[in-house]
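Inspection log for the structure reproduced underneath, given as structure tokens.
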Amino acid sequence: MPKELVKAKNIKKRYQMGEVKVYALRGVDFSLYNKELVVVLGHSGSGKSTLVNIVGGMDKPSEGELYFSDQSLHEAGEAELTSYRRSEVGFIFQFYNLMPNLTAYENINLSVQISNDPLDVDELLEQVGLNDRGDHFPSQLSGGEQQRVAIARALAKNPRLLLCDEPTGALDLPTGKQVLKLLRDFCINYNKTVVIITHNTNISYMADRVVYLKDGLVEWIKENEAPLIPEEVSW
Amino acid sequence: MLWKKLLRDMLSNKGSYLSCIVLIVLGLVFYMGLTIAVENMFRGKEILYEEQNFAHGFARVESMLERDVADLADEIQGIERIDGRLVQEVRLHDEDSDESIYLNLISQNLADPGRLNSYRVTQGEGLVEGSANALLDTYFTEARQIEQGDTLEVIHKGQLEEITVNGVAMSPEIIYLCPESQIYPNPEQYGAALLPLKAMWNMFPDMQSKVNDLVFSLSPGADYHQVEEKLEQELEPYGLKEIYHRDDHLSHFMVSEQIEMMEIMGTFFPVVILSVAGAIILVLLIRTVEQQRTQIGILKAMGYSNREVLLHYLSYSLVLAAAGGILGSVLGMMAAEPLSDILMEEFFALPQEYVGISPAYFIVGLGLCLAVMGTAGYLGSRKVLKLFPAEAMQPPAPPSMKENILERIKFFTSMLTVQGKMAVRNLGRSRGRSAFMVFGIAASCTMVISTFSLAYESVPTFLFHQHDEVEIYDAKINLVEPLPREPSVREVATHPEVSRVEPVAEVPVGISYRWHEEEVELLGLPRKGRMYNILDTDLNRVLPPDNGLVLSERLAENLNVAPGDTVEVESPFFHEEVHLEVLKVLPQYSGMNAYMEISALEEIAGQGSFATSLLVEGDDIGSKKTLAVLNDNYGKSENVAGIDGWLTMREELLEVWSTMGIIVRTFPVVGLLLSFAIIYITSFIILSERSRELASMRVLGMTSREVLSVITFEQWFLAFFGLLAGIPLVRLLLIAFAREAATDMYTLPVEISSHIMLTGVLFTALAIWVAQRFALYKVRKLDLVEVLKSRE
């Protein structure tokens, strides 16, 4: 029986964007388990990024309950959420979000410096295939290379949960597949829980489970009995 | 890693950060340089005072027996020690000079080694009993190129006496020397000499065994005013002329005022400069935090705490403070010694006991910088505390899309190009940025105009006004004592080279109003006179009144009186105290006086008609011919204390200005640097946060100049308001500075002529134009692909 890592109960989120009020989540219930790859699917504006931000401790729900292991996150203060993000969560974004003034090596080291149990930077660079590009700045790397550095940076902290918001959104198909393969490999080899947010249905075929969001609610959750390998995914 | 990010961020925007460092360095140089110079002067003064037993009080009498002086210490409680001296002003006999050269002879009782106001020999040998030998003051000796062993001939009451120069000495009472009624040294024509008391008795046989000057020290805890009151009673029978505290001794006063003035400048300028630097850092950081929202979000997403992220951005200001503080402190400490040298070699004869380089100053200077910039940095970056990671990674909510007030003036906007319309729209949408630009230009304009005004108007006016506008004559004959007015005027007017003679009556008075009191000189002037002019702020001549007083502004302020108030006036020259109405209060930049019509003054004094000096105008105005004639005829007269030439005094002033001007003329340079730094930084803040917008316009096909015109239109539009705001700010700043710097000896006028104003405006506009050339260069160099690729 897989161990429950994250439990979300009736999560709601309201935003004020300038003069407009946005109801991003309207009562979401779902769970994440150890060592699984989950795809959160949905169209643009469905609330998938908001959900992942809340699960990742980057934002707080307006209502509802959220637990990581037995730790309550919905009542956590700023310091607790920081500590949670520091030790338990790694983030990967669509547009990489590397520090422009730090090299690839230094970007990864930024994570290492705040971690109690980090992975080795050189090993990570090798695993993402960039061991000879460590001293390059983001502006000197291609999109795919930057995303790989971002993955290494997220993994360097050795988190239990990896959250990836449209990790292939800015990449071409071959590069995107490379990135997906990395994520799958880390899920299996490092026993991580990996969550990929995407609007691309084809990517969902490689997931262990798929959570479909629509208009701020979970429409359905299904398990893939035979998930595809990243090489077989195409879009 | 965040340190590397910090340093690389700063390097990529080095122009702005370097400008901040320049401002901080300037502020620290002023602070350190002046503070240490003050310390050097204070130390030198204190050492000399302690070493040579500088007296607490002074008194002048007609004469009294020297042996009676010591009894006063026993009779008056509060006096620890009292010494009698002979003090006599004489003229130096110099056949090569048409000008009168004065020497103030001060006796030294060599039989009393513990005497007050002793001396420290700096060159040559000390005084010896048995002959007329003297130690001269430093500047007189240098100015007249006198050497040890030289013989000086002095004239007193028509008699010539010889003095041998033994060397040069310092003494607490001759640190700063200047002729009476002047405030600037004139070492070529006025000096002091210390002689043995017995030698002076031999030179002035009518004063044998007598003294006319007393100095006294107070017992610990004694009250000076009580002592003064008792001493006044004791000295009345001896023809008491005046008693005054050390605070009113000219040399002590000038040294103390100089120290205080430098302390004020050492606070005022650094506060202004560091405040401007702090304001710029505040805005730089606000903008940086705004621009790096996403990076802040990522750091927080990664698990960096608020404190760690805040510290990172705070470090920007602390690095600037450290760099500027260290460099500024070092340069300031280096500048202190030359500054001290100028003061002590040119103006104040003090021992050069410099404090040297002290870690304490360094720590204070650096600490000050860190405190100011740290506060600015915290205020500028505290927004990071409020940014939640998810929110930080979203772009900020767009500003209001409503039309601003300028956009609603359709007639105005219809005349604009697309770039102009963009500029107008931006002005309304970015009110904070627009306000910042206006503030930057106003501050810049204020700096330039105020420093130019000080250097080219206020200080020169203060220095030359008295001689160029108020006292306009060829020569002034100073009488030993008051003489009958009409006969004196007639006597001098007989000479064919003399075209006009005007009498002046100078009477020492005490003026009081309620509990305020001041001792000043009341000048009686002829109603139709034109050689000593009382002027209002527009330089219009004011006639000396015969039914009241005209007071200088500083005097009126000290007495807390205004026109219409009645004051009490008393004087040793008056039989009784009189009440006079204050009729006018007028500016006076040099000294502090009261004025009335000479006949009215004579009536009050009840001593008949008299004059204490005569102003003479020659037929060849502006030449020294008249002076030469007067010297030939009256130079050795026993009634004449001396004859001063206007031209010579003006030449001396020009020399003073040439030294003072070196320091004063740095002010506009500082103003220009500040001005350019402010505008450069404000321009680059604006440029850097709009690089994406500008790159998009270049991609569309606009030229660099067309793209820049959006920014330049905004800047010139805002510059108009900034310059307008700067003009009243200048006046406020100068008034505040003049008020702080004013003393009883001098007042700085606040003058801002239209051409200085125009100069300031033009220089500010030039700074804006130059900053825009740099901006054009940056726009041309924009990597369009890189800028548009990035999300920030």
inquiry  = Could you list, ordered by first residue, the pairs with Cβ atoms under 9 Å in which the first is in the stretch B:470-497 and over 18 Å from B:G529 (Cβ atoms) and in contact (Cβ under 8 Å) with a residue 40 or more places away in the chain and the second is in a helix (DSSP H, G or I) and of a type outside the set (S, T, Y), at least 6 apart or interchain?
reply    = B:H495/B:V629; B:H495/B:L630; B:H495/B:N633; B:P496/B:V629; B:E497/B:K625; B:E497/B:A628; B:E497/B:V629; B:E497/B:L630
ask   = Can you name every residue in the stretch B:575-599 that is among the hydrophobic types (A, V, I, L, M, F, W, C) and either at pLDDT 95 or above or in contact with a helix residue (DSSP H, G or I) (Cβ under 6 Å, 6 or more places away or on another chain) (or both)?
value = B:V578, B:L580, B:V582, B:L583, B:V585, B:M592, B:A594, B:M596, B:I598
key: Every residue from the stretch A:66-81 that is more than 9 Å from chain B (Cβ to nearest Cβ) and not hydrophobic (A, V, I, L, M, F, W, C)   = A:Y67, A:S69, A:D70, A:Q71, A:S72, A:H74, A:E75, A:G77, A:E80
ask   = Of the residues that make up the stretch A:7-24, is at least one among the small types (G, A, S), more than 14 Å from every other protein chain (Cβ to nearest Cβ), touching a Lys or Arg at 6+ places or on another chain (Cβ under 6 Å) and surrounded by 16 or more Cβ atoms within 10 Å (Cβ to Cβ)?
value = no
inquiry  = Restricting to the stretch B:512-565, give me the number of residues that are closer than 28 Å to B:D248 by Cβ, of a type in the set (S, T, N, Q) and not in a strand (DSSP E or B).
reply    = 3
ask   = Picking from B:R514, B:R485, B:R527, B:R500, which residue would you name as being buried (at least 19 other Cβ atoms within 10 Å of the Cβ) and basic (K, R)?
value = B:R485
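The rows are residues; the columns are (1) out of contact with any Gly (no Cβ under 9 Å at 6 or more places or on another chain); (2) of a type in the set (A, V, I, L, M); (3) farther than 27 Å from B:V656 by Cβ.
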site	(1), (2), (3)
B:L110	no, yes, yes
B:T122	no, no, no
B:Q159	yes, no, yes
B:V165	no, yes, no
B:S171	yes, no, no
B:W201	yes, no, yes
Condition met for B:A322 (over 27 Å from B:Y746 (Cβ atoms), more than 14 Å from every other protein chain (Cβ to nearest Cβ) and surrounded by fewer than 20 Cβ atoms within 10 Å (Cβ to Cβ)) = yes
key: In the stretch A:123-146, the residues that are part of a helix (DSSP H, G or I) and closer than 23 Å to A:L180 by Cβ   = A:E123, A:L124, A:L125, A:E126, A:Q127, A:P138, A:G143, A:G144, A:E145, A:Q146
request  = Can you work out which of the residues in the stretch B:538-574 that are among the aliphatic types (A, V, I, L, M) and surrounded by fewer than 19 Cβ atoms within 10 Å (Cβ to Cβ) is modelled with the lowest pLDDT?
outcome  = B:L539
request  = For the stretch A:55-73, name all the residues that are more than 16 Å from A:T193 (Cα to Cα) and either touching a residue at least 24 places away in the same chain (Cβ under 8 Å) or of a type in the set (D, E, K, R) (or both).
outcome  = A:M58, A:D59, A:K60, A:P61, A:S62, A:E63, A:G64, A:E65, A:L66, A:D70
request  = Of the numbered conditions (1) of a type outside the set (K, R); (2) buried (at least 18 other Cβ atoms within 10 Å of the Cβ); (3) within 11 Å of chain B (Cβ to nearest Cβ), A:S139 fails exactly one; give the number of that condition.
outcome  = (2)
task = Restrict the check to the stretch A:36-56 and report whether at least one residue is closer than 30 Å to A:Q140 by Cα, touching a Pro at 6+ places or on another chain (Cβ under 6 Å) and among the hydrophobic types (A, V, I, L, M, F, W, C).
result = no
ask   = Does B:E581 satisfy the criteria of being without any contact (Cβ under 8 Å) to a residue 12 or more places away in the chain and outside any helix (DSSP H, G or I)?
value = no
task = Mind telling me which of the residues B:L318, B:L370 ends up being more than 30 Å from A:N116 (Cβ to Cβ) and either in a helix (DSSP H, G or I) or of a type in the set (A, V, I, L, M, F, W, C) (or both)?
result = B:L370
Of residues in the stretch A:69-81 being farther than 10 Å from A:G56 by Cα and part of a loop (DSSP other than H, G, I, E, B), the one nearest to the chain's Cα centre (by Cα) = A:S69
task = Please go through the stretch A:148-169 and pick out each residue that is part of a loop (DSSP other than H, G, I, E, B) and under 17 Å from A:T198 (Cα atoms).
result = A:E166, A:P167, A:T168, A:G169
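Of all the residues that make up the stretch B:492-511, how many are touching a helix residue (DSSP H, G or I) at 6+ places or on another chain (Cβ under 8 Å) and in a strand (DSSP E or B)?
Residues meeting the conditions: 9.
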note = Exactly one of B:A192, B:A132, B:A143 is buried (at least 16 other Cβ atoms within 10 Å of the Cβ) and more than 37 Å from the chain's Cα centre (by Cα), and that residue is B:A132
Within the stretch A:82-111, tally of residues that are buried (at least 18 other Cβ atoms within 10 Å of the Cβ), more than 7 Å from every other protein chain (Cβ to nearest Cβ) and either in contact with a helix residue (DSSP H, G or I) (Cβ under 8 Å, 6 or more places away or on another chain) or not in a loop (DSSP other than H, G, I, E, B) (or both) = 13
query = Do we find a residue being within 14 Å of chain A (Cβ to nearest Cβ) and in contact with a Phe, Trp or Tyr (Cβ under 9 Å, 6 or more places away or on another chain) anywhere in the stretch B:273-288?
reply = yes
Residue within the stretch A:31-41 that is farther than 17 Å from A:P167 by Cβ, more than 9 Å from every other protein chain (Cβ to nearest Cβ) and either without any contact (Cβ under 8 Å) to a residue 24 or more places away in the chain or polar (S, T, N, Q) (or both) present = yes
request  = Return yes when A:T168 is over 22 Å from B:R293 (Cβ atoms), surrounded by fewer than 18 Cβ atoms within 10 Å (Cβ to Cβ) and either among the β-branched types (V, I, T) or more than 10 Å from chain B (Cβ to nearest Cβ) (or both) and no when it is not.
outcome  = no
Which listed residue is under 30 Å from B:M393 (Cβ atoms) and modelled with pLDDT of 90 or more, from B:I243, B:I296, B:I281 = B:I296
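Residues checked against (1) free of Cβ contacts under 8 Å to residues at least 40 places away in the same chain; (2) touching a Pro at 6+ places or on another chain (Cβ under 8 Å); (3) buried (at least 21 other Cβ atoms within 10 Å of the Cβ):
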residue	(1), (2), (3)
B:G27	no, yes, yes
B:M32	no, no, yes
B:T35	no, no, yes
B:V38	no, no, yes
B:Y49	no, yes, no
B:F54	no, yes, yes
B:A59	no, no, yes
B:D74	yes, no, no
ask   = What residue, among those in the stretch B:348-398 that are within 14 Å of chain A (Cβ to nearest Cβ) and charged (D, E, K, R), is farthest from B:S305 (Cα to Cα)?
value = B:E391
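The values are calculated or read from the model by the stated rules, or taken from the named source; none is laboratory data. Source: prediction; values computed, not measured. With ideal geometry, Cβ positions are generated from the backbone for all residues, glycine too; neighbour counts draw on all protein chains shown.
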